Structures are given as structure tokens and as C-alpha cells.
Amino acid sequence: MGKKTPLYECHLEMNGKIVDFSGWDMPIHYGSQLNEHKQVRAEAGMFDVSHMTVLDMQGDNVKGFLSTLLANDIARLTQPGKALYSCMLNENGGVIDDLITYYMNDTFYRTVVNAATRIKDIAWITKVAHDFDVTITERTDLAMIAVQGPKARDIASKLLPSDLQASSLALKPFFAVESNNTFVARTGYTGEDGFEIMLPNDDAAPLWRKLAAAGVKPSGLGARDTLRLEAGMNLYGTDMDESITPLECGLNWTVAWEPSERNFIGRQALEAKKDNIDTQFSGLLLLDKGVIRNHQKVIVEQADGSTSEGEVTSGTFSPTLGQSIAMARIPKTKADRCWIEIRGKKLAAKIIKPVFVRNGKSCIEPR
């Protein structure tokens, strides 16, 4: 038996199919992953993400600490509630984790890290924080519910505490608001609008049931994965890990090179490598029948007629597009076609930008 979130009994009540996920008993679906995926794209669905780790970081020098810890520039955050997506790197530039950090005030930031990397993340963060006299507090008293879809904010805002209803609805993307230990962020992992709501453990199940009564369908980890892949969002441990730098997994945009004097962990390694990257992180759209899966071989033909190989990092069938899609690390190429080796056959695929669907609409140019 794994660890259980405060919503575990709700999952059982709603016929959730429970599986192990990084040591947690979590719902993979509630009967139909496909229906849950489509519900999020069309209306609203909700996910239990309480297995993720919330860390509060406080101290007079917390900004200096985060400027060292993160590859993105925490100094960009100046408004309370503003969020920043960043990678946290090791000395070799490899990705320890990707995470979101919220600016609360000059001495207080909140960071959310992945469930699968919790132990190593906390160990690394605590080690780095030691030199900055920063206090790290794991908020085990908080649960987290993600409400996603075109109708998500409108429905969820009405069910929040009265003092958060108007302010949450007025939030700009990548901002958050907090009151009485309830924290509402306009963020998500699906390519749809919505909220990620952190709230006391005892308040989680009542809100979950109210959302369900209002028409927000419970959705499992299966739909969350197909949604994030359609949206071109990386999954840690699949699309990147400690052996992969942001420059090799499509996250170049999260590395803040300026100011040049900011010496974040991993900077020197990235600077030495950035002009010598021989791979590209691309989206793939299968043109033949079949389903792309992780780790399948990608064959690319170069201009001189030679071929070279890459690898699928995330692959699935896209319910929205009705085709199989993938993200892959492949040799640099100017070609717009490649082949994927599936069950001993070479199937044709189109090389595109690794974003397939956003806000319920296809991002694929017509053939």
C-alpha cells in the first residue's frame, strides 16, 4: 500500500482505478481516460495533485538563494503571487527537476516540486540553502486540486471562500492569490485554462465534492499525461533528467543568461555546451496508422543522404487530433519528415514544433 492523499476516499467513492505512482495510491482513471481527456478540453475536469510537494522558502537572503538555485531569473518576480517556471540544475547542467516558484514577498517564496523527485529535491535544496540562512518548510498540511478546462475558472471560483471568488477570477495567467491558507494559482499542466488550488487537507474533500456536484468531472493521471503531451509540456524522468540539460529538451527559454554576473548552478556547464548541441527537441506527428511509444527509434535522413538516429521521449495517441504524436530528441536536421520504428516497421512522421494542442485547438498546420 502506498501513501494516500486527503482525497483518497473521494477517489474510491467515484470509482477511481487506483495505481501506484511514485509511492502514492493515485487514480489512473475513473472509468474512461478518453472521456476524461475530452471533458477537460471541452468543459472542465479536476485532478488530485496533492502528491506533489509544496515548499515554503523564507529568509532575508531567499532571493539570492533562488538566484543561485534556479536557471531562470527569480528577480523577474516583483508582484505578489507572480509565478516562474524553471529548471533546477546540477553542476553539470543536468535537470534535477522542473518546478514552479511563486513570489509572495521579498522574504517568502513558495515552490512546487514533482512527487517522483521529492526526496532528492529536498536534499539538494536544503544543501544549497545552508549557505544562505534560508528556512525550508514542507507544507504537508496542504492538499492540491487542479481544475482545468474552458469552464474551469468560472465554475471553481464560485466555490472558493467568498473573499477569493472575485480575486481568483480576475487573476492573470501565472499569478496566484492567497487568503486564510487557501492559495489559488492560474496555472496548470493541460494546455487549458484553470486553477491549481492549494488548501488545508481537511478542506480538500469538501471542495472536491462541491466541484463534482457542479459538473467538474474527476480525471486521473492517464488523462493528465495525454493532455500535457498534446500541450507540448515536458514530463520529468521521461523528456529530461539529470543527464539532460535544458538545451536538449526544448527548455532553452527557461534559462536566463542575463544578468551575466548571475552565477546559477550549472551555468558554466551550459555555457560550455550551448554552441555544441547536435540534437534538437521536436514534435512528431505520425502520418501512418499506429501509436508512438516512449523510447522508440527515430530515423532521420540528412541532406547528404546519410541517416542518423534519435529517440522518442514521450509518445501517445492524441484524442484531440485523432493521430499519434510524440516528443523526441533527434539529430539536428532541416528535414520535415522522419521515420519511427514501430514493431519492426518504419512509419513516416512529420517533424513539427512540440506543441500540438492549446486551449482545445489544434496547433498543427494543415498538410
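The values are calculated or read from the model by the stated rules, or taken from the named source; none is laboratory data. These numbers were taken from a predicted model, which means no experiment stands behind them. With ideal geometry, Cβ positions are generated from the backbone for all residues, glycine too; neighbour counts draw on all protein chains shown.
Details
- Note on region 106-123: among residues that are of a type in the set (Val, Ile, Thr) and not in a helix (DSSP H, G or I), the one that is nearest to Gln58 (Cα to Cα) is Thr107.
- Candidates Ser308, Ser260, filtered to the one that is in the same structural domain as Leu99 (by TED's automatic domain parsing), surrounded by fewer than 20 Cβ atoms within 10 Å (Cβ to Cβ) and farther than 24 Å from Asp20 by Cα: Ser260
- Enumeration of residues in region 53-85 that are assigned to a strand (DSSP E or B) and β-branched (Val, Ile, Thr): Thr53, Val54
Condition check ((1) without any contact (Cβ under 8 Å) to a residue 12 or more places away in the chain; (2) surrounded by 18 or more Cβ atoms within 10 Å (Cβ to Cβ); (3) within 14 Å of Leu284 (Cα to Cα); (4) in contact with a Phe, Trp or Tyr (Cβ under 6 Å, 6 or more places away or on another chain)) across all residues:
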position	(1), (2), (3), (4)
Val312	no, yes, yes, no
Gly315	no, yes, yes, no
Thr320	no, yes, no, no
Ile325	no, yes, yes, yes
Ile330	no, yes, yes, no
Cys338	no, yes, yes, no
Asn359	no, no, no, no
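- Qualifying residue in region 297-304 (condition: at pLDDT 95 or above and buried (at least 19 other Cβ atoms within 10 Å of the Cβ)): yes
Residues checked against (1) without any contact (Cβ under 8 Å) to a residue 40 or more places away in the chain; (2) among the acidic types (Asp, Glu):
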| residue | (1), (2) |
| --- | --- |
| Leu99 | yes, no |
| Asp121 | no, yes |
| Ile136 | no, no |
| Arg139 | no, no |
| Ala146 | no, no |
| Gly149 | no, no |
| Ser157 | yes, no |
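- Within region 139-171, tally of residues that are touching a strand residue (DSSP E or B) at 6+ places or on another chain (Cβ under 8 Å) and not polar (S, T, N, Q): 18
- Per the listing Leu207, Leu227, the residue uniquely outside the structural domain of Ser318 (by TED's automatic domain parsing), surrounded by 18 or more Cβ atoms within 10 Å (Cβ to Cβ) and closer than 26 Å to Asp56 by Cβ is Leu207.
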